[in-house]
1. Could you tell me which residue of region 111-138 is most open to solvent (accessible area, probe 1.4 Å), considering only residues that are farther than 26 Å from T57 by Cβ and assigned to a strand (DSSP E or B)?
2. Given the structure, is A90 modelled with pLDDT of 95 or more and open to solvent by 50 Å² or more (accessible area, probe 1.4 Å)?
3. Would you mind telling me which numbered condition in (1) surrounded by fewer than 17 Cβ atoms within 10 Å (Cβ to Cβ); (2) more than 22 Å from the chain's Cα centre (by Cα); (3) among the polar types (S, T, N, Q); (4) in a strand (DSSP E or B) N157 fails?
4. Quickly run through region 47-87 and pick out the residues that are open to solvent by 60 Å² or more (accessible area, probe 1.4 Å), of a type in the set (S, T, Y) and in contact with a strand residue (DSSP E or B) (Cβ under 6 Å, 6 or more places away or on another chain).
5. Does I181 satisfy the criteria of being surrounded by 14 or more Cβ atoms within 10 Å (Cβ to Cβ) and not polar (S, T, N, Q)?
6. So which residues in region 125-152 are under 28 Å from G29 (Cβ atoms) and touching a residue at least 40 places away in the same chain (Cβ under 8 Å)?
7. Can you tell me which residues in region 119-134 are at pLDDT below 95 and in contact with a Phe, Trp or Tyr (Cβ under 8 Å, 6 or more places away or on another chain)?
Amino acid sequence: MKNLNPILLPPVVALGMLASGSTAFASEGIYAGAGMVHSGFVLDEGESTLERDQSKTSGGVYAGYKKSVLESGLFVSGEVFFNNTSHSKAYDNGDTVNVENQYGVKAMIGHEWGWGGSLYGTLGVAQYDYNIQLGDRTAGESRFGHIYGVGFDYQFNQSLSSHLELTVSGDEIDLNDEQAIDSGLVVVRWGVSYHF
């Protein structure tokens, strides 16, 4: 094992725990964490506007409370979060797209298996804040809107877990006299949580 690349150590340990048939650790209660966030903003093509999409990788923080509902493995969680999704882009033809940070609250419901893994769905509200200029047409929004998504979590021990989560939010944009076009913010978060 002394020649093992340190980057490979967490996956090897996780696989070893799975192979040994380890049981899940208690994960109820308060948790907090930080993660890597990859976000992408997409603006569909309109009658006289081009499709625009852009993405960035940054970070985020969150805190929540998890509670088991049934002995069968069902659980619910509530969470507050902040994702650094702000980015701006200017295109050669003068179009600009500005997206601000995302923050909000969400609830999760899922199932946890005896080996420590869980799968869950999430629904919540988050700040959806953007400002765009496409040619001579402008639009912007700053409001709370719904988000939804799915995630997978693995509990390494009583204090530490990691998850991979995908959430989506969106809006219809009216560009002056043009037919409304859709916009969307997609966020993928890989986080590490500490359970108190």
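The values are calculated or read from the model by the stated rules, or taken from the named source; none is laboratory data. Note that the structure is predicted; figures quoted are calculated from it, not measured. In this analysis, Cβ positions are derived from the backbone assuming ideal geometry, glycine residues included, and neighbour counts consider all displayed protein chains. The accessibility values were calculated without ligands, DNA or RNA, using every heavy atom of the protein model including side chains. Shrake-Rupley method; radii C 1.70, N 1.55, O 1.52, S 1.80 Å.
1. Within region 111-138, the match that is most open to solvent (accessible area, probe 1.4 Å) is T138.
2. no
3. Here N157 clears every test but (4).
4. Matches in region 47-87: S55, T57, Y65.
5. For I181, the condition - surrounded by 14 or more Cβ atoms within 10 Å (Cβ to Cβ) and not polar (S, T, N, Q) - is met.
6. Scanning region 125-152 gives A126, F144, I147, G151.
7. Q127, Y128, Y130
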